[in-house]
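Beneath this line is the structure, given in structure tokens, with notes to follow.
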Protein chains: 2
Amino acid sequence: MISVTSLFDPIDKDLLTLTSNLKNLISARHPILGAAAEHLFGAGGKRVRPAIVLLVSRATMVDQDITPRHRRLAEITEMIHTASLVHDDVVDEAQMRRNVPTVNSIFDNRIAILAGDFLFAQSSWYLANLDNLEVVKLLSTVIRDFAEGEIKQGLTKFDTSLSLEAYLEKSYYKTASLIANSAKAASILSNVLPEVADNIYAYGRNVGLAFQIVDDILDFTSSSEVLGKPSASDLISGHLTAPVLYAMEEKPQLKVLIEKEFSNEGDIDLALNLVYESNGIQKAKDLAANHAQLALKHLDCLESTPSTKVLMELPEYVISRIY
Amino acid sequence: MISVTSLFDPIDKDLLTLTSNLKNLISARHPILGAAAEHLFGAGGKRVRPAIVLLVSRATMVDQDITPRHRRLAEITEMIHTASLVHDDVVDEAQMRRNVPTVNSIFDNRIAILAGDFLFAQSSWYLANLDNLEVVKLLSTVIRDFAEGEIKQGLTKFDTSLSLEAYLEKSYYKTASLIANSAKAASILSNVLPEVADNIYAYGRNVGLAFQIVDDILDFTSSSEVLGKPSASDLISGHLTAPVLYAMEEKPQLKVLIEKEFSNEGDIDLALNLVYESNGIQKAKDLAANHAQLALKHLDCLESTPSTKVLMELPEYVISRIY
């Protein structure tokens, strides 16, 4: 399995600059938010989203250096992502994210709402000051899609009539929209032709979907450090993802358990076993692999650069997490 | 005392259109948010902020009709304002606002955070689609100022070293920034000269400050329907406003009570009496009147229209609430 650190080699320094800029942008203004920023932008994050922005920037600038606006766009992308995580954690009353305590658990809901609002507000402001209306439109669509996705997710809890299409739409809002639109925006800052920008968008959309599907599979297959077994947190909270949607087609009893919202003791273990007995996980893996392959097809428009090479390897890396 | 309904006569129909558009913009997409929207944009709101946008629009278009973009800007202004109120109420754990239960109290924090995020997100998106970078910048500054103001307010609770300047800055972030920047944006959509736009901004800034100071005075002088006496909610929660800042200069004991955060029973009544015994409220009234007068001076740049007349009467109306 490729490590993400070596994968991002061509933009190593760019990512270090990004992290230090992000900490400065937030903490310079407010000590309290500074503590949250240190926590949010500190060690641990994989920075996949800004990395894609930086890679697309380098791949489309070819022999020239990337501009301060490309860097700022990468920072905005991470700020929007982080803001959405902070509010998500308040909404979901989450205590931990990736083995790190959430802002709402370390501080309180008040600070977490303010920190999220502040990050959204700062990113809107930096965005406007990139002085490119098309880029502003692309990223404001992302912010809207996030809100849309969160609401859709809330409305479809334990809803066994959720279709695979609706699941993919939700995943687009939640994850792929940011990756697709910010990647496209990076290419626009490099003044590429419209058809190149559209291909970059399609690449980002498919990588983003693969990424989300893989995340949803890992919730069933990867042992959590705390539990020593998969947490299946999505299923428990009623978020039906690809493995469950496929499994329900084979196991009608699973549907019944979900509709009863696991009201009897042991229902969750029963449901989990039905998912594992079915081909749901395998079918979800195929779905992710399919989107990873689709992504690749959209990179022919790019010249051969070290960053282009990484963009070509990224879909495979995403998929390698489930193999 | 002039009633606000008759004051806004020239834009009566515009405000009706605005209210129905706002309800549609939100509720068309989500039934749950629809309920919140009905609650938020339903009867009761005075719509002062979008009214100023519409009045500036009409006053700067003179004989021509205002454009759909002027109307959209007024809607965006009210959406941003409402979003900030919804999140404020979660942060402050408020149960009531202007005698109406808050979104967080009727629904829950989850829905209130999502509704606020959705309103901010929708407004960013509509904003970008006004296709005017200068307007995008002005309004994104407002969103940033809101977050800044909320944080500043949180950090200066019970802080008796707060200066009048810092209080005015906080009031600018909280209230005047939206009024000033959205009014300026309306004039920019009418293609006015830069110096006219700057005067409109200065008008909005001063009206906004007067508005906030008056609100802060009313917290000490106006009987709440529920309590039958002034609620003094700002003082109780440690938000030091103009009447208190002035009163502290005369009554050192008030400072002590605040610094102890009213830890003994009866401290709040004691503190309130000190405010009433001092000239704090009168000095705050003078401060508000001063900003109302300053506002007026910036309207000479406008041609004489029915809307200009209302803009000229508005500062006096704001002040009349405390006399």
The residue from B:Leu193, B:Leu189, B:Leu164 that alone is in contact with a His (Cβ under 8 Å, 6 or more places away or on another chain) and either over 23 Å from B:Leu85 (Cβ atoms) or within 14 Å of chain A (Cβ to nearest Cβ) (or both) is B:Leu189
Please give the number of the condition B:Thr60 fails out of (1) in contact (Cβ under 8 Å) with a residue 24 or more places away in the chain; (2) surrounded by fewer than 23 Cβ atoms within 10 Å (Cβ to Cβ); (3) more than 14 Å from chain A (Cβ to nearest Cβ). (2)
Selection count, region A:180-204, where residues are part of a helix (DSSP H, G or I) and touching a residue at least 40 places away in the same chain (Cβ under 8 Å): 16
Regarding region A:301-312, can at least one residue be identified that is free of Cβ contacts under 8 Å to residues at least 24 places away in the same chain, surrounded by fewer than 14 Cβ atoms within 10 Å (Cβ to Cβ) and out of contact with any Ser or Thr (no Cβ under 7 Å at 6 or more places or on another chain)? yes
Applying the selection to region A:172-188, what residues are more than 14 Å from the chain's Cα centre (by Cα) and surrounded by fewer than 24 Cβ atoms within 10 Å (Cβ to Cβ)? A:Ile188
Scanning region A:128-144 for residues that are buried (at least 22 other Cβ atoms within 10 Å of the Cβ) and more than 7 Å from chain B (Cβ to nearest Cβ) gives A:Val135, A:Leu138, A:Leu139, A:Val142
Might you check whether a residue that is under 19 Å from B:Ile143 (Cα atoms) and in contact with a Leu (Cβ under 7 Å, 6 or more places away or on another chain) occurs anywhere in region B:186-193? yes
Here is a list of conditions, (1) more than 14 Å from chain B (Cβ to nearest Cβ); (2) over 26 Å from B:Ala128 (Cα atoms); (3) not in a helix (DSSP H, G or I), and A:Asp234 meets all of them except one; can you say which number that is? (3)
Checked region A:93-105 for anything modelled with pLDDT of 80 or more and not charged (D, E, K, R); matches are A:Ala94, A:Gln95, A:Pro101, A:Thr102, A:Val103, A:Asn104, A:Ser105
Which numbered condition trips up A:Val90, out of (1) of a type outside the set (Gly, Ala, Ser); (2) surrounded by fewer than 17 Cβ atoms within 10 Å (Cβ to Cβ); (3) at pLDDT below 90? (2)
Output the residues belonging to region A:302-322 that are part of a loop (DSSP other than H, G, I, E, B) and at pLDDT 95 or above. A:Leu302, A:Glu303, A:Ser304, A:Thr305
If you scan region B:256-310, which residues turn out to be acidic (Asp, Glu) and either touching a His at 6+ places or on another chain (Cβ under 7 Å) or within 30 Å of B:Phe8 (Cβ to Cβ) (or both)? B:Asp286, B:Asp300, B:Glu303
If B:Arg110 meets every condition in (1) closer than 21 Å to B:Leu18 by Cα; (2) part of a helix (DSSP H, G or I) apart from one, which number is that one? (1)
What pairs can you find where one residue is in region A:78-91 and more than 9 Å from chain B (Cβ to nearest Cβ) and more than 15 Å from A:Lys23 (Cβ to Cβ), the other is assigned to a helix (DSSP H, G or I) and β-branched (Val, Ile, Thr), and their Cβ atoms are less than 8 Å apart, with a gap of 6+ or different chains? A:Ile80/A:Val142; A:Ile80/A:Ile143; A:Val86/A:Val103; A:Asp89/A:Val103
Name the one entry in B:Ala115, B:Ala121 that is more than 7 Å from chain A (Cβ to nearest Cβ) and assigned to a helix (DSSP H, G or I). B:Ala115
Name every residue in region A:266-294 that is touching a helix residue (DSSP H, G or I) at 6+ places or on another chain (Cβ under 6 Å), surrounded by fewer than 19 Cβ atoms within 10 Å (Cβ to Cβ) and of a type in the set (Gly, Ala, Ser), in order of residue number. none
Among residues of region B:92-107 being in contact with a Ser or Thr (Cβ under 8 Å, 6 or more places away or on another chain) and part of a loop (DSSP other than H, G, I, E, B), the residue farthest from the other protein chains (Cβ to nearest Cβ) is B:Gln95
Given (1) in contact (Cβ under 8 Å) with a residue 24 or more places away in the chain; (2) farther than 24 Å from B:Gly149 by Cβ; (3) surrounded by fewer than 24 Cβ atoms within 10 Å (Cβ to Cβ), number of the condition B:Lys46 does not satisfy: (2)
Which one of these is under 24 Å from the mean Cα position of the chain (by Cα), loosely packed, with under 14 Cβ neighbours inside 10 Å and more than 28 Å from B:Ala74 (Cα to Cα): B:Ser263, B:Ser223? B:Ser223
A:Leu155 vs. criteria at the interface with chain B (Cβ under 8 Å from one of its Cβ atoms) and surrounded by fewer than 24 Cβ atoms within 10 Å (Cβ to Cβ): yes
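The values are calculated or read from the model by the stated rules, or taken from the named source; none is laboratory data. Remember, it's a predicted structure, so these values are computed and weren't measured experimentally. All Cβ positions, glycine included, derive from the backbone under ideal geometry; neighbour counts span all protein chains shown.
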